[in-house]
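Derivation of every value follows stated rules applied to the coordinates shown; laboratory data play no part. Given the structure is predicted, the values throughout are model-derived calculations rather than measurements. No Cβ is skipped: glycine too gets one built from the backbone with ideal geometry, and neighbour counts run over all protein chains shown.
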Amino acid sequence: MQTTTARRSLWLDGVSPTLFPTCADSEDVRFDAVVVGGGITGLTTALLLKRAGMKVAVVEADQVGRGVTGNNTAKVTALQSTVYSELERLHSEETAAGYAAASVAGVELVAELAAEVDCDVERRPAHTVAMRPEDVGTVEAELAAAVRAGLPAVADPGPDLPFPVHAAVRLDDQIRLHPLRYAIGLARLVDGGGCRVFERSRVQQVREGRPATVHTEHGDLLGGHVVIATHYPILDRGLYFARLEPMRSYCVAATLRGGAPPASMAISTGGEVWSISSAGDRLIVGGQGHHVAERGDSAARYVALEAFAREHWPVAEITHRWSAQDPAPYDRLPMIGSYRPGASTLHVATGFAKWGLSTGSYAGSLLADRILGRQTTDLFSPHRVTPRGIGTLARINAKVGVDLVTDHLAPTGATNLDQLAPGQACVRRDGLGKTGVYRDADGELHAVSLRCTHLGCMVRFNTAEHSWDCPCHGSRFDVGGAVLEGPATKPLDKRAP
């Protein structure tokens, strides 16, 4: 029995990085639309706009598809745990039906575009299952809600899972693909013919106007329209940080000593949530979700996933482990539309709540239709108010306030840096602030200010990913302070150890 320590996604393994240029390498800086973010949503938006005749640029802070797109479970499905019963509770049957239609449209758009690129696309069933008798009612309620929403969902007495299932909902003809190869394929379809894809060009600010000015670390781009598809919005206007809860989840991939992994893409409900899928001969198990930077040992999440996999399958080796995060909106609906009330040229898509391959693809089509002047739905307006979600909204912002105050005031204790082992971090008081110190595998110390450059919360050390994560709004930084994930756009200040 072997266990890997590699913090690397199965999808990132063996796929050569893309080599699109930075903005600094382009003499052409004026475009009909500038899309910020080189993941599924941004690339889908850009490709649809290009095919409608617009000149488009995609600007990615890192490399195409290597953020959340390349670190997920690769499920493209309209059956999403218990989303339809939740939407009926928070909104209405009509809202649940609208979300179902959008999710189906997202799945079919992926199928259409995936046929043009090499990404191992397959049709598979998706399941929501009850692993405990007490969760049967929840699954039965989800089946009824999914059917009312217009999905051809059915009860399934025998999904191909190696543990007791007390009830299950099945939706056939969903999709499993290689998400990174899909994203790279979309990027190659976008790039060319006057349209550009720029990598390693972090956007730091956008100034609205006609055209708008997109400020990057390598210079400015001009766009008649600007789409913020950075997963978590990087611009503070619109107060998205007050209405989104950043959540992190984990995955492991494993080879088996015998037999085949399940064909179904399944997720359990109630108690601990387990996500199950496969790719070729690899079993994929996900779960252990929590609020970003939650106190505790993040590395223990991988231990729990491995234990679950070994309990139910003849695991030969855990070959990969990875994690990703997603912003969950307070009222369970994604936010797709104008970035702020009245904005006609600045657009946003966010809040996919871990189902971004389908919902993010639909968001791309909706944003493209908005920009092209086509009639669109207001169901996902970022400016809606949901009275039944006010309690969740209050909880999210109360937590931010508590984290902001307690982390600033919490004592650090005395730490002898000579005793800091490789791979470990500690926190030291630095005047009125705090410094985080990390010792790498070569013994070198890296020290940074722990004040998040977004809105000033104190970041915490992530023991699983060896990063500094913000509990307030989900920004992440490497041990040297560089931004790994927004909404922050500036690195942590460096400090002396």
Once phi is turned into θ = phi - 60°, what whole-Hz ³J(HN,Hα) does the Karplus curve with 6.51, -1.76 and 1.60 give for every residue of segment 421-429, x standing for Gly and Pro? 7, x, x, 10, 9, 9, 10, 10, 6
If a helix is a whole DSSP H run, which ones in the chain reach 20 Å or further along their own axis (Cα) and hold a mean Kyte-Doolittle hydropathy of at least -1.0? 93-114, 299-312, 356-371, 390-409
1/(1 + (r/R0)^6) with r = Cβ-Cβ of H290 and E444, R0 = 51 Å, i.e. FRET efficiency to nearest 0.05, evaluates to 0.95
Given labels modelled 7 Å from the Cα in the Cβ direction, how far is it in nm from H215 to R429? 3.6
Average Cα contact separation per residue, the chain, under 8 Å, 6 or more apart, as relative contact order %: 18
Ignoring trypsin sites (Lys or Arg not before Pro) that are buried or in helix or strand per DSSP, and keeping those with at most 14 other beta carbon atoms within 10 Å, what is the longest stretch of the chain between them? 1-236
For every helix of n ≥ 4 consecutive DSSP H residues, a contribution of -39,500 (n - 2.57) applies; sum these over the chain, divide by its total residues, and give [θ] at 222 nm rounded to the nearest 500 deg cm²/dmol. -7500 deg cm²/dmol
Ranking of V147, V59, V110 by count of other Cβ atoms within 10 Å, fewest first: V147, V110, V59
Take a quick pass over the chain and tell me how many lysine pairs come in under 22 angstrom between Cα atoms, counting only ones 8 or more apart or on separate chains. 5
The chain - Cys residues lacking any other Cys C-beta under 4.7 Å: C23, C119, C195, C251, C426
So for segment 408-485, averaging the separation of alpha carbon pairs under 8 Å that are six or more residues apart and normalising by length, what relative contact order in percent results? 18
Under unit Cβ charges (Lys, Arg +1; Asp, Glu -1), what dipole magnitude, rounded to 20 debye, does segment 408-485 have relative to its Cα centre? 380
Dipole axis of the chain (+1 Lys, Arg; -1 Asp, Glu on Cβ), positive-most option in L346, G423, Y330: L346
Rounded if a/c is under 1.5, else prolate if a/b is larger than b/c, else oblate: which is segment 408-485, with a ≥ b ≥ c the root eigenvalues of its Cα gyration tensor? oblate
Please give the FRET efficiency for D172 paired with E317, using the beta carbon to beta carbon distance and R0 = 45 Å, rounded to the nearest 0.05. 0.90
